[in-house]
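Notes follow once the structure below has been shown.
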Amino acid sequence: MKNLIISTLPDVSGLFPDAETLYLSGYKLGNCIGCTNCWLKTPGMCAVKDDWAVIFGKILKSDNIILVTEAKLGFISHKMKNLVDRLIPIATPYTKLYKGEMRHKPRYDKCWNFGLFYSGEGDAEFLGEWMERFVLNLYCKSLGAHKLEEGLKLW
């Protein structure tokens, strides 16, 4: 199992064993512009020219993806939300009924495990529910949302 940590925090090295860590501050990452090229024109590939292809390639090769970020106003940072928004190429524009709801069909025959560790003023209940909905959209499994200091015991 390959573990990938994606962090907006400056230094989480040593907190998670046996994992590659990507610090978003070291990458140029633009915003999703909603063009849907990653669905229609260049399936699976984003039209925004930045470092997303490098990050996405590492995500595709991983099994467990741990998102580490600060929480403000009860939710994840805008930097981490931007990364989550850019995951849209994991899905396709086509839909199907899944667990009683219409969902976009997955592009890849893979189920990732996503976890969230946050520092700051996160709303634990809301973030846990958000993780469940987030992974449902990607046909993945949630490892939950955990306060960074408390969650390290779980890893």
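I want the antiparallel fraction of DSSP beta bridges within the stretch 1-147, as a percent rounded to 5.
The answer is about 25 percent antiparallel.
Per the helix-only calculation at 222 nm, which mean residue ellipticity applies to the chain, given -39500 (n - 2.57) for every DSSP H run of n ≥ 4 and division by its residues, nearest 500 deg cm²/dmol?
-7000 deg cm²/dmol
How much accessible area per residue does the chain have, in Å², with a 1.4 Å probe?
That works out to 54 Å² per residue.
Leaving out ligands, DNA and RNA, and with a 1.4 Å probe, what % of the accessible surface on the chain is carbon or sulfur?
The C+S portion of the solvent-accessible surface of the chain is 56 percent.
Give the separation of the Cα centroids, the stretch 74-92 to the stretch 1-52, in Å.
The stretch 74-92 and the stretch 1-52 have Cα centres spaced 9 Å from each other.
Taking the Cα centre of the chain as the origin and placing charges on Cβ (Lys, Arg +1; Asp, Glu -1), which of Ile33, Gly122, Thr8 is farthest toward the positive end of the dipole?
Ile33
Angle, helix 124-138 long axis vs. longest principal axis of the chain, Cα atoms, 0 to 90°, nearest 10?
30
Tell me whether the chain comes out rounded, prolate or oblate; compute the Cα gyration tensor, take square roots of the eigenvalues as a ≥ b ≥ c, and use a/c under 1.5 as the rounded threshold.
prolate
Can you list residues from other chains, or at least 5 along the same chain, whose modelled amide H is less than 5 Å from the amide H of Val68?
Distant-sequence amide H within range of Val68: Ile6, Ser7, Thr8, Phe117.
When the chain is modelled as a GNM with alpha-carbon springs shorter than 10 Å, which of Ile55, Ile76, Ile33 fluctuates the most?
Per the Cα network of the chain with a 10 Å cutoff, Ile33 tops the list.
Counting Lys and Arg as +1 and Asp and Glu as -1, what is the net charge of the other residues whose Cβ lies under 12 Å from the Cβ of Leu97?
Taking every other residue near Leu97 into account, the sum is +3.
Among the trypsin sites (Lys or Arg not before Pro) within the stretch 1-63, which fall in a DSSP loop and have no more than 11 other Cβ atoms within 10 Å of their own Cβ?
Passing sites in the stretch 1-63 are Lys28, Lys41, Lys49.
The values are calculated or read from the model by the stated rules, or taken from the named source; none is laboratory data. Note that the coordinates shown come from a computational prediction; the quantities given were computed from them, not determined experimentally. Cβ: placed from backbone, ideal geometry, glycine included. Neighbour counts: every protein chain shown. The protein model used for the area step is the full one, side chains on, heavy atoms only, and it has no ligands, DNA or RNA in it. Shrake-Rupley method; radii C 1.70, N 1.55, O 1.52, S 1.80 Å.
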